[in-house]
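**Q** The structure's right below; bear with me while I get my questions together.
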Amino acid sequence: MKFYKTEIDGCYIIEYNAIVDNRGFFSVPYNRDVFNEKIGREVNFVQDNLSSSHYGVIRGLHFQTDEFEQAKLVTCVWGRVLDVAVDIRKDSPTYGNYVQIELGGTWNKHLFVPRGCAHGFSTLSDGAIFQYKVDNHYNKESEGGIIYDDKTLNIDWKIPEDRVIVSQKDKELPTFLSL
């Protein structure tokens, strides 16, 4: 496994190898000991989440606050997504920076999103199955978010505006500057 630092402190792109032959492939996308050694601290994932989305769906940007903050290890197991993490830690040297990476297709990358970051993705293929591990349980009262089309962040989700599908809840999220 190879770990690459990103524009966000503590956020990594992780590439893992696959053994490919005429039957298909075999890989080890996650190994706790290797992961924790490369990240430089212990991350104890407590839950796996899986979602399915159609082309044009944008989910996010979501985060949990206070004692319910979550670190995430995300990947796209089928299809293609544009994954986005935004550093919202006001004391961070990378506050306000964001990372974009296409996941899926070759299916050999993860993005590790540390606590204190908002996270979202857009679906670039006809459909996608998105999987992520979290290191803390969800708490409804601690949920937060940033509207996907925030003018300060100016994220290009790679979806034409007339094809964007966003939940009503996500359409009502606040802007980055109002956090």
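The values are calculated or read from the model by the stated rules, or taken from the named source; none is laboratory data. Being a predicted model, the structure only gives us computed values, none of them experimental. We place every Cβ from the backbone using ideal geometry, glycine too, and count neighbours over all the protein chains shown.
**Q** Could you grab me the full set of residues in region 24-47 that are in contact (Cβ under 8 Å) with a residue 24 or more places away in the chain and within 19 Å of the chain's Cα centre (by Cα)?
**A** 29, 30, 31, 35, 38, 39, 43, 44, 45, 46, 47
**Q** Identify the single condition in (1) surrounded by fewer than 17 Cβ atoms within 10 Å (Cβ to Cβ); (2) among the aliphatic types (A, V, I, L, M); (3) within 17 Å of residue 159 (Cα to Cα) that residue 129 does not satisfy, given that it satisfies every other one.
**A** Here residue 129 meets the rest and fails (3).
**Q** It is to be established whether one or more residues within region 89-105 are loosely packed, with under 15 Cβ neighbours inside 10 Å and closer than 22 Å to residue 74 by Cα.
**A** Of region 89-105, the ones loosely packed, with under 15 Cβ neighbours inside 10 Å are 90-91, 93, 95, 105.
Filter once more, keeping what is closer than 22 Å to residue 74 by Cα: 95, 105.
Checked region 89-105: at least one residue is loosely packed, with under 15 Cβ neighbours inside 10 Å and closer than 22 Å to residue 74 by Cα.
**Q** Something else about it: Can you spot a residue in region 166-175 that is surrounded by 15 or more Cβ atoms within 10 Å (Cβ to Cβ), of a type outside the set (Lys, Arg) and either assigned to a strand (DSSP E or B) or without any contact (Cβ under 8 Å) to a residue 40 or more places away in the chain (or both)? If you could, list the steps in order and put the result at the bottom.
**A** As a first pass, look at region 166-175 and keep what is surrounded by 15 or more Cβ atoms within 10 Å (Cβ to Cβ): 166, 170, 173.
Still in the running and of a type outside the set (Lys, Arg): 166, 170, 173.
Those still in the list that are either assigned to a strand (DSSP E or B) or without any contact (Cβ under 8 Å) to a residue 40 or more places away in the chain (or both) too: none.
There is no residue in region 166-175 that is surrounded by 15 or more Cβ atoms within 10 Å (Cβ to Cβ), of a type outside the set (Lys, Arg) and either assigned to a strand (DSSP E or B) or without any contact (Cβ under 8 Å) to a residue 40 or more places away in the chain (or both).
**Q** Looking at (1) part of a strand (DSSP E or B); (2) over 24 Å from residue 47 (Cα atoms); (3) of a type outside the set (Val, Ile, Thr), which is the one condition that is false for residue 157?
**A** (1)
**Q** Check whether at least one residue in region 124-142 is in a strand (DSSP E or B), more than 16 Å from residue 49 (Cβ to Cβ) and modelled with pLDDT of 95 or more, and report yes or no. It would help to see each step written out before you state the result.
**A** Taking region 124-142 and keeping what is in a strand (DSSP E or B), we get 127-134.
Cutting the leftovers down to more than 16 Å from residue 49 (Cβ to Cβ) gives us 127.
Applying the additional criterion that residues be modelled with pLDDT of 95 or more yields 127.
Yes: one or more hits.
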